[in-house]
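Derivation of every value follows stated rules applied to the coordinates shown; laboratory data play no part. Predicted, not measured: the structure shown is a model, and the values here were computed from it. So basically every Cβ, Gly included, is an ideal-geometry build from the backbone, and we count neighbours across all protein chains shown.
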Amino acid sequence: MPKVAIIGAGLTGLSTAYHLEEKGFFDYEIFEKNDQPGGLARSVHVDGFTFDYTGHFVHINNEYFKNFFENVIGKTGFTKIVRDSQVFTHDKFSPYPFQTNLSGLPTDAICECIEGFVLRQKHLHPVDTFRQWVLKYYGTGIGKYFLFPYNEKISAYDLDKMCPSWVQNFVPSTTLANIVEGLTTEHSKQVGYNAHFWYPKRGGIQLLVDRLQANITQKIKTEFQLSSIDPTQKFVSFKNGDSRSYDMLVSTAPLNNLVDSVKESGNINFSAAKNNLLCNSIFGFNLGINRPFETNAHWVYIPEKKYNFYRLGFWNNVVPAMAPPGCGSLFGEVAYIPSHTSEKIAKQNLRNAIAQTKKLLKIQDSEVLVDHTLQIPHAFVTHNRWREENLKNLHAKLRELNIYSIGRYGEWKYSSMQDAVLDGRATATAILTRLGHVAPAAQVSRIPRPTSRGL
């Protein structure tokens, strides 16, 4: 039977394995570079505090994933939460989204935002950059006070070079009526893809991965970091000295790392991709303190440039069990692009961000019980022009070589945990179709499987 190798046991890789098994296909191996599966959907535990690799929350707007979450992951142990997110600007916390909660701004800033929205460049065409997209749909004021500075910080990239292909599902739209309503009411209606979310009652987002892994029969091979791929010989090698042959390879590794590992020969050349696939990195800092915080917010967006970090989140406000009783815990995020900023400067920015956070939230050094930092080398991919013009052909070339590069970093996109599961499902189907595999008609599953109702 043909053999499938899966690189990466994060959510996308585990979903691929699950959906292969669902169709009665078990001739695969799954390899993970870390000492445990989960990828960025892991949790760490330090002195009674639980931290994720910054905020990971389960958002559901797809019928298949809804059934998958209920029947495979299981809602027991999770809680559904109404988002409480805020924006901190002009020394004041206001509800999110910014554009419909302007009442906390100075009067002149409110006027700029409303006037800019009314006079926005609605007929601007083409819209090739994120900056142009903001000017067309939100105007100069909302751009000036939130969308420009916030996205410059989170992307660490020039907004005049960033394409807007990622924004549709992630930036809430608005109307003049919504803006005016936000001036006269304390809280506007919850909007956006993450207005409600699910999260484990205890243990962090790792529970999601653990539940999915429990539904897979094959043992995950940990500490297998990708070294090289010979697509001609269909041979994958790992940095621990081990290697495997394969018929089909699924990679959830970052796309730039993948193409760098492919042995080039003849018409196999990915040098352009290596030089143009950009992404940012993140330092995530976590603080555990000996008292609760004074805010009920789950997370807060920080657009102003005077702060090194772009977001703060409060773990124990999401679920109390993320911190010991009577304590508070938070995460903050500092972004940078390694090719643009040295790690020395990035670490200094991190130290500044921690100091700024303590000052902003009036945290005394004596109150800090835990100070824990995580580094995410691949965080948000950069939607530059090269990506827009070449990504589709790059994936097509890889598929010709029997390599499927999938997931948030494998496909080089901005996506959610729901998307990760759906990507694994779609890839399993595509591979089995190419292999001509037909699931046994009388196969009885060991576990409850979600239906495809509504798709």
Considering only DSSP beta bridges with both partners in the chain, what is the antiparallel share in %, to the nearest 5? 75 percent
Could you check what % of the DSSP bridge pairs in region 1-146 are antiparallel, to the nearest 5? 65 percent
All other residues with a Cβ under 10 Å from the Cβ of E29 taken together, and with Lys, Arg as +1 and Asp, Glu as -1, what is their net charge? +3
What is the ratio of the Cα radius of gyration of region 281-376 to 2.2 N^0.38 Å, with N the residue count, to two decimals? 1.06
With unit charges on the beta carbons (Lys and Arg positive, Asp and Glu negative) and the dipole taken about the Cα centre of the chain, which residue among L312, T232, I268 sits farthest to the positive side? T232
What's the center-to-center distance, using Cα atoms, between region 31-50 and region 201-235 in Å? 12 Å
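When H59, H45 are ordered from fewest to most other Cβ atoms inside 10 Å of their Cβ, what list results?
H45, H59
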Classify the chain as rounded, prolate or oblate from the Cα gyration tensor: take a ≥ b ≥ c as the square roots of its eigenvalues, call it rounded if a/c is under 1.5, otherwise prolate when a/b beats b/c and oblate if not. prolate
Take the alpha carbon gyration tensor of region 99-184, find the square roots of its eigenvalues, order them as a ≥ b ≥ c, and report rounded if a/c is under 1.5; if not, report prolate when a/b exceeds b/c, else oblate. prolate
Neighbour-limited loop hits for trypsin sites (Lys or Arg not before Pro), region 256-312 (at most 14 other Cβ within 10 Å; DSSP other than H, G, I, E, B): K263, K305, K306
With contacts defined as alpha carbon pairs under 8 Å and 6 or more residues apart, what's the relative contact order of the chain in percent? 26 percent
Which trypsin sites (Lys or Arg not before Pro) does region 335-419 hold that lie in a coil by DSSP with at most 10 other beta carbons within 10 Å? K362
Any idea what angle helix 385-400 forms with the longest principal axis of the chain, computed on alpha-carbon atoms, 0 to 90 degrees, nearest 10? 20 degrees
What are the chymotrypsin sites (Phe, Trp or Tyr not before Pro) within region 24-100 that DSSP puts in a loop, where the Cβ has at most 15 other Cβ atoms within 10 Å? F26
If each DSSP helix of 4+ residues adds -39,500 (n - 2.57) and the sum is divided by the residues in the chain, what number results at 222 nm, nearest 500 deg cm²/dmol? -9000 deg cm²/dmol
Please rank H123, H56, H19, H90, fewest neighbouring Cβ atoms within 10 Å first, as an exposure proxy. H123, H90, H56, H19
Within region 1-149: Cβ-based charge dipole about Cα centre, in debye rounded to nearest 20 (Lys, Arg +1; Asp, Glu -1): 480 debye
Region 99-184 - percent relative contact order, Cα under 8 Å, separation 6 or more: 41 percent
The size of the Cβ-based charge dipole (Lys, Arg +1; Asp, Glu -1) of the chain about the Cα centre, to the nearest 20 debye, is 380 debye
